[in-house]
1. Test of understanding: among 201, 255, 271, which residue is under 17 Å from the mean Cα position of the chain (by Cα), modelled with pLDDT of 95 or more, crowded, with 20+ Cβ neighbours inside 10 Å and farther than 23 Å from residue 166 by Cα?
2. Pick out the one residue from 333, 375 that is modelled with pLDDT under 95, open to solvent by 10 Å² or more (accessible area, probe 1.4 Å) and of a type outside the set (A, V, I, L, M, F, W, C).
3. Being open to solvent by 20 Å² or more (accessible area, probe 1.4 Å) and either assigned to a helix (DSSP H, G or I) or modelled with pLDDT under 95 (or both) is the filter here; which residues of the stretch 524-551 pass it?
4. Considering only the stretch 102-162, give the helices (runs of 4 or more DSSP H) lying wholly within it that have at least 2 residues that are without any contact (Cβ under 8 Å) to a residue 40 or more places away in the chain and either within 20 Å of residue 42 (Cα to Cα) or open to solvent by less than 30 Å² (accessible area, probe 1.4 Å) (or both).
5. When residues of the stretch 288-327 are filtered for being among the basic types (Lys, Arg) and either in contact with a Phe, Trp or Tyr (Cβ under 9 Å, 6 or more places away or on another chain) or open to solvent by less than 10 Å² (accessible area, probe 1.4 Å) (or both), how many remain?
6. Run residue 77 past the list (1) closer than 21 Å to residue 97 by Cβ; (2) open to solvent by less than 30 Å² (accessible area, probe 1.4 Å) and report the number of the one that doesn't hold.
7. Taking the stated definitions as given, is residue 170 at pLDDT 95 or above and in a helix (DSSP H, G or I)?
8. Does the stretch 397-415 contain at least one residue that is open to solvent by less than 10 Å² (accessible area, probe 1.4 Å), assigned to a loop (DSSP other than H, G, I, E, B), among the small types (Gly, Ala, Ser) and touching an Asp or Glu at 6+ places or on another chain (Cβ under 9 Å)?
Amino acid sequence: TPKLTDKDTIVLADFTNTTGDSVFDGTLRQGLAVQLGQSPFLSLVSDQRVQRTLRLMGQPADARLTPELAKEICERTGSAAVLEGSVASLGSQYVLGLRARNCRTGDVLDEEQMQATRKEDVLNALSQIATKFRTRVGESLTTVEKHDTPLLEATTPSLEALKAFSASRKANFSTGPATALPFLRRAVALDPHFAMAFADLGLAYNGFEESVLSRESTTKAYQLRDRASDAERFFIEAMYDRNVTGNLEKARRTLELWAQTYPRQSDAHGLLAGFSTRGTGKYKQAIEESRKAIAIDPDHTFSYVNMASSQICLDQFEEAGETLRRMSERKIESPDQMLLSFYLSFFKGDRAGMEWAVAWAKGKQGAEDSMAHSEALVLARSGQLQKAAAMSRHAVDLAKLAGQQERAASYESAPAVWEAFFGNAPAARRSAEEALKLSKSRDVEYAAAFALALVGDSARAQSYADDLDRRYPEDTSVQFNYLPALRARLALNHGEPSRAIELLQAAVPNELCITAIAFNGLFLGAFYPVYVRGEAYLAAHRGAEAATEFQKILDHRGLVFADPIGALAHLQLGRAFALSGDMAKARTAYRDFLTLWKDADPDIPILKQAKAAYAKLR
């Protein structure tokens, strides 16, 4: 008779270790989690949810999960059972035990025991005991046989490496990825063939916007992916295409297959709601997958963030605010959540809301720098360039202080772009050069190249465009956004607007997609192909078509965020209407731009041009 159903969830307690050998502490629980995680039938309460529940109970987030604590967590999360493991010495041998209890009645649902003749055989015994448990509580033999990679192959034969990996997972959810990094580095040092440790290391580096290190670790995980469970292999392959090749369509297909194979794993749905869908413009799918992940794990932080981000991209600002409120009601806080709150307040013109988000981020590593960068964007968008430069410098300094060179380079590249848009060529070149000294990552190189193209440094911009094409032949953002925008801008520099319009055809299917540079924390780069196409139509004296392009930018505030083109589109729309002979609309558009720039620094070249053109229209 099945003891559990495919609707039940399980809480995994820490193993009771009476051997006196600390290598088993945390290690066996992690090993069992990997083994049971191969099951499409069973569903473990996530470590993130466990630690949030511990906090609500007044316990430390990294508290040891005794059977008593695990039982209370089981009751609070509405789960069906607690799994209690044990390891004991029997002479020179080891005895492993596993007991499943109904957390409300205390009834024993299943009990397993297995002996290992040596310490090195303990992980193999754990695999066998997990397999027996799966068949005894109701999973079909078909799925057990299909998804049952032995633990030594799915993780590592090194108990010490698995212990370090377990510690990294615990540290990541209790105090953040920065504290998890040393444990992950130790895990891969102890076992250079530990695929999932390399995958987690790649993901951690990606979170710090250290793309070069992330690519190295993720590539290593991909090369070792046969040494992982089926679920972990889905994760590794999806991350490889998302963060290494950049092929978002391929990453999305892998994640969809993962979610279909393991419909009860919140991470499968949560990752499917991320860049693979938003980077291909499938925001409604991202919202739906976020809902599925939250239904499985109501404390799945990134699913709320993904949902709110997708709603913002669709200009559903009220819905995004409600998603963030739900997040707050569950006492979940994250830097990404506060950044989205900042931008929602910005869209509403709520200065107090923006200041509240800024105050929250103050003094928090990984939050204050990104918030400072976003403040700089808002200031630059309104033409307050001196204040924007000071705030951007603060973001760069904070990133450098944290030892995050690539993140600092990303922040440094943003002023290069806005100074170039506004006609300050020397300042744009300086920022581009400073950014490239720090890093030549994909997004930094693109931002610098685009700035150089805008100020007429065509030879260098072309060189960087060629480099991006060579390094990222499959990358969705590079091939269908970055390169079309760059090459079209270079065509305009050579007086070829028709050629520019032709080159931008490659970007048309992806115009409403979030780009990598925007997704990865710079909030820049969306609609650059549209903006350049509008410029090309202006250069070709096709005012009505130019107006259509610039209106697209104004109609999608949630995709533009605080990118300066959100303000410049008003000015360019005025130029397009003037070219078409509609002077009334031209005056309105110019007036809208000058109103946005009422507090702007007075010596900005593009502001002087706008004032002169508006005076003639009047």
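1. None of the others qualify; the one that does is 255.
2. Just one listed residue meets the conditions, 333.
3. Correct list: 535, 537, 538, 539, 544, 545, 548, 551.
4. Numbers: elements: 122-136, 141-146, 151-154.
Because the criterion is at least 2 residues that are without any contact (Cβ under 8 Å) to a residue 40 or more places away in the chain and either within 20 Å of residue 42 (Cα to Cα) or open to solvent by less than 30 Å² (accessible area, probe 1.4 Å) (or both), the helices (runs of 4 or more DSSP H) in the stretch 102-162 that meet it are 122-136, 141-146.
5. 1
6. (1)
7. The answer is no for residue 170.
8. For the stretch 397-415, residues open to solvent by less than 10 Å² (accessible area, probe 1.4 Å), assigned to a loop (DSSP other than H, G, I, E, B), among the small types (Gly, Ala, Ser) and touching an Asp or Glu at 6+ places or on another chain (Cβ under 9 Å): absent.
The values are calculated or read from the model by the stated rules, or taken from the named source; none is laboratory data. The structure presented is a predicted model; accordingly, all values stated were derived computationally and were not measured. Reconstructed Cβ throughout: ideal geometry from the backbone, glycine too, with neighbour counts over all protein chains shown. For the accessible areas, the whole protein counts, side chains as well, though only heavy atoms, and no ligand, DNA or RNA atoms are used. Shrake-Rupley method; radii C 1.70, N 1.55, O 1.52, S 1.80 Å.
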